[in-house]
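The values are calculated or read from the model by the stated rules, or taken from the named source; none is laboratory data. Model, not experiment: these values are computed from the prediction. Neighbour counts are summed over all protein chains in view; Cβ atoms, including those assigned to glycine, are modelled from backbone coordinates with ideal geometry. For accessibility, only protein heavy atoms count, side chains too; no ligands or nucleic acids. Shrake-Rupley method; radii C 1.70, N 1.55, O 1.52, S 1.80 Å.
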Amino acid sequence: VPKALAALGPEAWAALQPVGEKRVEPIEFTRGTADLSIQAQRDLDDIVSHLETLPTYYLRVEGHARADGDAEENRKLAQARGDAVVQYLLLRNVTPERIQAVAVPPSGTAGEAQSVSFVLGTPPY
């Protein structure tokens, strides 16, 4: 049984060294919300299974929103989407020390701008 990962502070999360990205179909949200679709839940269950095979890495969940409209509301929506994914992963027994949600600057207007992305990382050596 691998030992539990240590909790990271804000500076350590910011310094996390990416070791890869988990490429998945865009996690779907109901338009303009942070509500996960049924398909998104299935996709996240797959991510949980994948994380079980990578117990020594942290996961940054990056929330996205479209670039058009109010910038602050888009930032809040991006954060809410990341938070919704983290909450779902916590319910599936991913440890809270291992995951963090962040909002990334809005970009684009296509479906990928209305989703989340995942970055696997490790603290610098």
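So here's what we get for this one:
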| read-out | value |
| --- | --- |
| Matching residues in the stretch 67-98 - criterion: being open to solvent by 40 Å² or more (accessible area, probe 1.4 Å) and either touching a Cys at 6+ places or on another chain (Cβ under 9 Å) or of a type in the set (Val, Ile, Thr) (or both) | THR95 |
| Pick from the stretch 18-59, criterion hydrophobic (A, V, I, L, M, F, W, C), crowded, with 17+ Cβ neighbours inside 10 Å and in a loop (DSSP other than H, G, I, E, B), ranking: farthest from the chain's Cα centre (by Cα) | ALA34 |
| Pair list, Cβ under 8 Å, 6 or more apart: the stretch 13-27 residue closer than 16 Å to ASP45 by Cβ and among the acidic types (Asp, Glu), other residue open to solvent by less than 50 Å² (accessible area, probe 1.4 Å) and modelled with pLDDT of 70 or more | GLU25/ASP43 |
